[in-house]
1. Consider the stretch 160-179. How many of its residues are of a type outside the set (S, T, N, Q) and without any contact (Cβ under 8 Å) to a residue 40 or more places away in the chain?
2. Can you pull out every residue in the stretch 104-135 that is within 14 Å of SER153 (Cβ to Cβ) and of a type in the set (Asp, Glu)?
3. Evaluate the following for ASP102: is it open to solvent by less than 30 Å² (accessible area, probe 1.4 Å) and either under 18 Å from LEU149 (Cα atoms) or not aromatic (Phe, Trp, Tyr) (or both)?
4. Please enumerate the residues belonging to the stretch 120-144 that are among the polar types (S, T, N, Q), open to solvent by 10 Å² or more (accessible area, probe 1.4 Å) and assigned to a helix (DSSP H, G or I).
5. Looking at the stretch 86-96, can you tell me whether even one residue there is surrounded by 18 or more Cβ atoms within 10 Å (Cβ to Cβ) and touching a Phe, Trp or Tyr at 6+ places or on another chain (Cβ under 8 Å)?
6. For the subset of the stretch 65-85 comprising residues that are in a loop (DSSP other than H, G, I, E, B), touching a helix residue (DSSP H, G or I) at 6+ places or on another chain (Cβ under 8 Å) and open to solvent by less than 90 Å² (accessible area, probe 1.4 Å), which member is nearest to GLY124 (Cα to Cα)?
7. When you scan the stretch 6-26, do you find a residue that is surrounded by 18 or more Cβ atoms within 10 Å (Cβ to Cβ), under 18 Å from ARG175 (Cα atoms) and among the β-branched types (Val, Ile, Thr), even just one?
Amino acid sequence: MPDLATDLIRRANDARGRQSRWHPLWGDLAHVMIPRLLGFTDAVVPGQTQTDELYDGTPMVAARGFANAIGHLTRPEGEKWLFIKAEDEPLNNIDEARVWFDAVNNLTPMALDNPKSMQRETTGQTDMGLAVFGTAPFFVGSAQNLRHLTFRSIPLIDCAIEWDETGPYAFHRFRRMTARQAEDEFVRGRKGELGDQARKALADRKFDTKFTYIHIVMPRHDRMVNNVFSSNMPFASYWLEEESNKIIVESGFHEFPYMVPRMDTAPGEDMGRSPGMIALPDSNSLQAIQETLLVAGERNANPPMMVPNDGTLIEANMYPGGLGYYDPTLAREIRGNPFFPMPSGANIPITRDMQQDIRKQVFAAFLRDVLNLPVAGPQMTATEIIARKQEMLRGVGALFGRLESNYIAPMIERVFAIML
């Protein structure tokens with residue numbers, strides 16, 4: 001009968017296998033919208049250029065604009081967007097409770113804005129992931145010294161998620177670390193014990209040998225309610241070394257620490273759908289059109305030459321200032337220069353019109369027309385500006401309402417519980 005470590009590793013890999021059905025689609029999206037996250041279907045070398053086959057950056061610009069809109073509408077800079085109060089409304093009218101909640105509403109934004117927490121970087125990456133992939137997991141916890149919060153974005157390629165009817169049920173995170181990194185992370189940092197393979201690598205001074213570590217968080221069903229130890233908390237946490245088939249750290253969480261916001265979901269699917277998926281066909285068409293335009297433009301700027309095969313003395317030199325030698329007898333017979341450019345017949349203006357239309361379609365998929373209000377000026381009254389803003393909010397209200405419930409609210413509840 002398999003032991004717990006074997007069972008957990010098999011469960012994580014099974015979940016990863018089921019999620020891999022999304023990898024081809026995510027790879028296509030990353031290719032044209034967020035190349036730095038390639039690697040779903042092909043291995044990527046760190047530092048390798050990812051934009052060699054891209055000719056039009058419109059999809060990347062549109063996705064970035066939509067991600068910025070998510071951040072502005074859910075966490076507006078310079079405005080108070082976080083409010084915490086008691087569910088029991090009469091408590092909010094008690095003076096002592098009101099003073100306590102005022103302190104909470106002041107301290108929580110300070111903790112979120114602490115640069116060490118990396119909240120801004122993580123939520124920015126989450127916004128971009130939602131715009132392109134529709135699903136963007138991240139971790140919310142506390143530093144090991146308990147002095148500040150910790151936010152970490154988790155790439156989709158490095159995790160696998162199990163779902164139930166209420167949302168994420170279990171989370172499996174895969175990390176590749178060297179033996180030295182693992183020693184610092186788990187032995188010195190978490191008082192754990194490395195597996196046999198990593199210990200052997202350290203003993204042989206092969207510090208840069210990499211191993212796979214899996215972090216699994218799931219509900220703990222068999223526990224003593226009044227027991228306060230981390231190994232008895234509502235959510236079990238296991239770090240495993242896959243090569244050694246061993247649990248190296250066991251602990252727990254009071255709340256589920258991984259947030260998995262989704263932009264939209266289709267019936268029967270767990271992973272989210274995104275505006276990027278709507279824009280994907282047009283984004284691919286843009287690459288083909290821009291490549292065609294570049295070739296056509298180059299042909300017009302440097303057209304292929306027609307050269308008689310029996311009237312030239314040497315091959316025509318096509319570089320600037322190059323000389324082409326031909327038989328003057330042939331020139332007299334044809335009454336002109338035997339070298340002349342080949343007409344391409346390209347209609348660049350029509351192709352440009354097609355390109356502009358498709359660019360508009362890509363921006364429309366990312367709701368640019370809805371989210372970009374006209375600039376206030378003499379042509380608009382204050383009443384009209386307010387009306388247009390209300391119209392915009394009606395257009396995106398349902399979309400950002402979902403983000404409020406599965407992104408911002410769980411994140412703040414987790415932060416509040418940690419600080420409490």
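1. Let us first name the residues in the stretch 160-179 that are of a type outside the set (S, T, N, Q), namely 160-165, 167-177, 179.
Still in the list and also without any contact (Cβ under 8 Å) to a residue 40 or more places away in the chain: 164-165, 176-177, 179.
Qualifying residue count for the region: 5.
2. GLU121, ASP127
3. Values: open to solvent by less than 30 Å² (accessible area, probe 1.4 Å): no; either under 18 Å from LEU149 (Cα atoms) or not aromatic (Phe, Trp, Tyr) (or both): yes.
No: the conditions fail for ASP102.
4. Kept after step one, since they are among the polar types (S, T, N, Q), are these residues of the stretch 120-144: 122-123, 125-126, 135, 142, 144.
If we keep only those that are open to solvent by 10 Å² or more (accessible area, probe 1.4 Å) too, we end up with 125, 142, 144.
Of everything in the stretch 120-144, just one residue is among the polar types (S, T, N, Q), open to solvent by 10 Å² or more (accessible area, probe 1.4 Å) and assigned to a helix (DSSP H, G or I), namely GLN125.
5. Kept after step one, since they are surrounded by 18 or more Cβ atoms within 10 Å (Cβ to Cβ), are these residues of the stretch 86-96: none.
No.
6. In this case the residue turns out to be ARG75.
7. There is at least one residue in the stretch 6-26 that is surrounded by 18 or more Cβ atoms within 10 Å (Cβ to Cβ), under 18 Å from ARG175 (Cα atoms) and among the β-branched types (Val, Ile, Thr).
One line per residue, one yes/no per condition, for (1) closer than 30 Å to THR123 by Cβ; (2) buried (at least 18 other Cβ atoms within 10 Å of the Cβ):
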residue	(1), (2)
LEU194	no, yes
ASP208	no, no
ARG220	yes, no
ASN232	no, no
TRP239	yes, yes
ASN245	no, no
PHE253	yes, yes
VAL260	yes, yes
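The values are calculated or read from the model by the stated rules, or taken from the named source; none is laboratory data. Values in this document were obtained by computation on a predicted structure and should not be read as measured data. No Cβ is skipped: glycine too gets one built from the backbone with ideal geometry, and neighbour counts run over all protein chains shown. Heavy atoms of the whole protein, side chains included, go into the accessibility calculation; ligands, DNA and RNA do not. Shrake-Rupley method; radii C 1.70, N 1.55, O 1.52, S 1.80 Å.
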